[in-house]
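See below for the structure under consideration.
The values are calculated or read from the model by the stated rules, or taken from the named source; none is laboratory data. All figures in this text were calculated on a predicted structure; none of them were measured in a lab. Here the Cβ positions follow ideal geometry from the backbone for every residue, glycine too, while neighbour counts run over all protein chains shown.
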Amino acid sequence: MAHLEGTLLAANLRLAIAVARFNHFITDRLLDGALQTIVRHGGEADQVTVVRVPGAYELPLAVQQLARSGRYDAVVALGAVIRGATPHFDFVASAAAKGLADVSRETGIPVGFGVLTTDSVEQAIERAGSKSGNKGEEATLTAIEMANLLRTLGE
């Protein structure tokens, strides 16, 4: 029986990160976690392309263009959608999640999903590097592992 899985080595991967500016006090922390993760796993932060978009709603289009470019083995999407008093949260969070999943399936390029969807600013802070770890790190690890797995499957 063959058992295949991706490694967590970033050394030979071409990576891009799309990060939303909206709620930048959170997304900047997610980006820091993502870049530190790449370095910890053998990659070089200065070799990563970072693209900033206005908000989480715009992430799927930017990630799609990065994935279609043929220049990247994986793309990480980082954003923070914090619930407010209107249904706007539901529309933005849903569009971002579905759009990013669609990009990965359509292009065959792994997309690390690092878009926080929280009920409060406190929850977002917890997931951006305090109590609950850094979801930017987790999304980056997923992207690295999937990029390496797809390389293995392609061999």
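Going residue by residue through the range 24-40, is there one that turns out to be part of a helix (DSSP H, G or I) and aromatic (F, W, Y)? Among the residues of the range 24-40, at least one is part of a helix (DSSP H, G or I) and aromatic (F, W, Y), which makes the answer yes.
Could you please let me know if A77 is touching a helix residue (DSSP H, G or I) at 6+ places or on another chain (Cβ under 9 Å), surrounded by 15 or more Cβ atoms within 10 Å (Cβ to Cβ) and assigned to a helix (DSSP H, G or I)? When the stated conditions are applied, A77 does not pass them.
Within the range 114-140, the set of residues being buried (at least 20 other Cβ atoms within 10 Å of the Cβ) and hydrophobic (A, V, I, L, M, F, W, C) comprises V115, L116, A124, A128, A139. Looking across the range 6-55, the residues that are modelled with pLDDT under 95, touching a helix residue (DSSP H, G or I) at 6+ places or on another chain (Cβ under 7 Å) and surrounded by fewer than 17 Cβ atoms within 10 Å (Cβ to Cβ) come down to T7, A45. The residue of the range 81-140 that is modelled with the lowest pLDDT, among those that are in a helix (DSSP H, G or I), closer than 17 Å to H24 by Cα and among the hydrophobic types (A, V, I, L, M, F, W, C), is F89.
Counting only residues that are surrounded by fewer than 19 Cβ atoms within 10 Å (Cβ to Cβ) and either among the hydroxyl-bearing types (S, T, Y) or free of Cβ contacts under 8 Å to residues at least 60 places away in the same chain (or both), the range 141-152 holds 1 of them. Within the range 55-74, being assigned to a helix (DSSP H, G or I) and either touching a strand residue (DSSP E or B) at 6+ places or on another chain (Cβ under 6 Å) or within 18 Å of D28 (Cβ to Cβ) (or both) holds for A56, E58, L59, A62, V63, L66, A67. Could you please let me know if L59 is under 12 Å from the mean Cα position of the chain (by Cα) and more than 22 Å from K98 (Cα to Cα)? For L59, the condition - under 12 Å from the mean Cα position of the chain (by Cα) and more than 22 Å from K98 (Cα to Cα) - is not met.
Examine the range 21-33 for a residue that is polar (S, T, N, Q) and within 12 Å of the chain's Cα centre (by Cα), and state whether such a residue exists. Yes - at least one qualifying residue is present in the range 21-33.
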